[in-house]
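The values are calculated or read from the model by the stated rules, or taken from the named source; none is laboratory data. These numbers come from a predicted model, not from an experiment. A quick note on method: Cβ atoms are made from the backbone with ideal geometry, for glycine too, and the neighbour counts reach across all protein chains shown. Quick note on the areas: whole protein, heavy atoms, side chains included, nothing else; ligands and nucleic acids left out. Shrake-Rupley method; radii C 1.70, N 1.55, O 1.52, S 1.80 Å.
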Amino acid sequence: MSRRYITPLAVEHELVERVLRIRQTQRGVVVDEIPVCATIDPDEWHPENPSGLTSPPYQAERRAMALCAGCPIIDFCLVQELREVSSVEHVRGIRGGVRQADRQALYLTLEQEGLL
């Protein structure tokens, strides 16, 4: 796998604001909903060639993001991944309705700002 430089997002970026808002509202939340991803082939969430920050999401990514959009735990999923991953290199596929490149930039931003 080749390394690509991922640029952090601006702290004011809507994705950063979304994560911070979710964290405030979901402290101690117990999720008993069934996520959409549990009912679909796992390969749907991991396109072979993910797009980069400078390009729009590819068709496979758009399809997975659309599936996520109807999920009852979309916000929990995004925040949970940030808790689970140990480094930006472990951010893969589509999760929480957000493509890999955007989540990698989000991870770097939160890490740089001391918010992870």
* Could you state the accessible area per residue of the chain in Å², with a 1.4 Å probe and every protein chain left in place? => 62
* In nm, what is the difference between 0.36 nm times the number of residues separating LEU115 and GLN24 and their Cα-Cα distance? -> 31.5 nm
* Structure fact -> Evaluated at 25 °C and 0.890 mPa s, the Stokes-Einstein D of the range 29-92 based on the Kirkwood radius over Cα pairs, in µm²/s, stands at 187
* Rg and Dmax of the chain, using alpha carbons, in Å: what are they? -> 13.7, 38
* **Rough spin-label spacing in nm, given labels placed 7 Å along Cα→Cβ, for SER86 and ASP32** => 3.4
* Asked: Residue by residue, what Karplus-based ³J(HN,Hα) values in Hz, rounded to whole numbers, does the range 52-67 have, using 6.51, -1.76 and 1.60 with θ = phi - 60° and x for Gly and Pro?
  -> x, 4, 8, 10, x, x, 6, 4, 4, 5, 4, 4, 5, 5, 5, 5
* Asked: Top mean-square fluctuation among GLN80, GLN59, GLN24, Gaussian network model of the chain, C-alpha springs under 10 Å?
  -> GLN24
* To do: Go through the range 86-99 residue by residue and turn each phi into a ³J(HN,Hα) via Karplus (6.51, -1.76, 1.60, θ = phi - 60°); whole Hz please, and just put x for glycine and proline.
  => 9, 7, 4, 5, 8, 7, 9, x, 9, 8, x, x, 10, 6
* What percentage of the solvent-accessible surface of the range 22-89, computed with a 1.4 Å probe over protein heavy atoms, is contributed by carbon and sulfur atoms? -> 52
